[in-house]
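Coordinate-derived values only; no laboratory data. Note that the coordinates shown come from a computational prediction; the quantities given were computed from them, not determined experimentally. Here the Cβ positions follow ideal geometry from the backbone for every residue, glycine too, while neighbour counts run over all protein chains shown.
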Amino acid sequence: MRVLIMIVAADRALKGRFNAFFGALGYTSVQYTHPLKAIDNIEDLSPDVLICAAVDYPRHWKLIVKQLRDTREYSEAVIILNVDDHFDTDEVDKAAFLRVNAICPNKMESIEDLRRLDHLIRRYKTPLEHPDIHNTWIPSDADRVSFMINHPLNFHIVSGRLIELSPAGGIFRPDEPGDIADLEPGMLIESASMRVGDSLLDLRARIISNADSLSLAFIEFADDGFMNLLHEVNRRLAAV
């Protein structure tokens, strides 16, 4: 049995992002872009987690939330509203009255956005199946996963390979360790490229630590890079 996330949002790409990220954590995602259809189906679906984009449906989100709360208690179903800066204190009070669990101001686009959302969900619900999205693939020499960064201080290209890799981050060993000697934890790498399998992925990353190799957290991929990486890592781990 898997935990069901119901997404009510206008961005049709969300379902793919959610399936790619949360699927490995034991969730199944369904999405509705029409709020009235969501209301019609919410009782039958009885989702464990509802992600509702109040920014997309400012007149309907309260009806959607009430429909779920009428059948599932605060402890049984997690309700998270995705909001923007126009969600004022009056709306926050209405959300509290309707027993919304949390408000999420992120756009739900980058890996970091989804990570924050995952941590928010985990405050209230633990997935029934729990394979970790941070499962690490150790590429062999034959796999050689090449990686290049644009040095954030001098803008030189630093090349090397990833010696550990997960959808959330990796460990980068440069060809010349001296090239990264001046990089410190917390620095952003605004431009990096990874070749894994048949894919060339462009991304941004944050440095977690530096001990002759960089431990990196991936922040954002261009296009479908995150899903391509997730599928490749899962494929490699399944073959072990």
Taking the number of other C-beta atoms within 10 Å as the exposure measure, put Asp11, Asp141 in order starting with the fewest. Asp141, Asp11
What full-extension length gain, to one decimal in nm, is calculated for Arg12 and Ser146 as 0.36 nm per residue of separation minus the Cα-Cα distance? 45.0 nm
Magnitude of the charge dipole, the chain, Cβ model with Lys/Arg +1 and Asp/Glu -1, debye to 20: 720
Read-out mean projected area of the Cα convex hull in nm², derived from the coordinates shown; its label in [x] 14.3; [y] 23.3; [z] 19.4: [x]
Exposure proxy ranking, count of Cβ atoms within 10 Å, fewest first, for Met194, Met148: Met148, Met194
Just going by the charge dipole of the range 3-122, with Lys and Arg at +1 and Asp and Glu at -1 on Cβ, which of Thr33, Val100, Tyr74 is farthest out on the positive end? Thr33
Under a GNM of the chain (C-alpha, springs under 10 Å), which listed residue has the highest mean-square fluctuation: Thr136, Thr28, Thr89? Thr89
Along the Cα→Cβ direction, 7 angstrom out, place labels at Arg59 and Val92. What is the inter-label distance in nm? 2.6
Taking 0.36 nm per intervening residue step and subtracting the Cα-Cα distance, what contour gain separates Ser193 from Ile138 on full extension? 18.0 nm
So which chymotrypsin sites (Phe, Trp or Tyr not before Pro) in the range 1-89 are both in a DSSP loop and have at most 15 other Cβ atoms within 10 Å of their Cβ? Tyr74
Amide H partners (placed H, <5 Å) of Ala54, local residues excluded: Asn82
Counting only backbone N atoms under 11 Å from a point 7 Å out along Cα-to-Cβ of Thr71, the residues of the range 1-41 in range are 39-41
Dipole moment magnitude, nearest 20 debye, the range 3-122 about Cα centre, only Lys, Arg, Asp, Glu C-beta charged: 220
Apply the Debye scattering formula to the range 145-239, with a single equal point scatterer on each alpha-carbon and no solvent, then give log10 I(q)/I(0) at q = 0.11, 0.16, 0.21, 0.26 Å⁻¹. -0.27, -0.58, -1.00, -1.50
Would you compute, from DSSP H runs of 4+ residues alone, the mean residue ellipticity of the chain at 222 nm, taking -39500 (n - 2.57) per run and dividing by the full residue count, rounded to the nearest 500? -8000 deg cm²/dmol
How big is the range 3-122 on each of its three principal axes, counting only the C-alpha atoms and giving the largest first in Å? 35, 32, 26
Gaussian network model of the chain, Cα springs within a sub-10 Å range: biggest mean-square fluctuation belongs to which of Leu36, Leu114, Leu98? Leu36
Tell me the GluC sites (Glu not before Pro) within the range 33-111 that lie in a loop according to DSSP and have at most 11 other beta-carbon atoms within 10 Å. Glu73
Going through the range 1-70, which trypsin sites (Lys or Arg not before Pro) have at most 12 other Cβ atoms within 10 Å and a DSSP loop state? Arg12, Arg59
Expressed in nanometres to one decimal, the distance between label points 7 Å along Cα→Cβ at Asp223 and Asn106 is 2.4
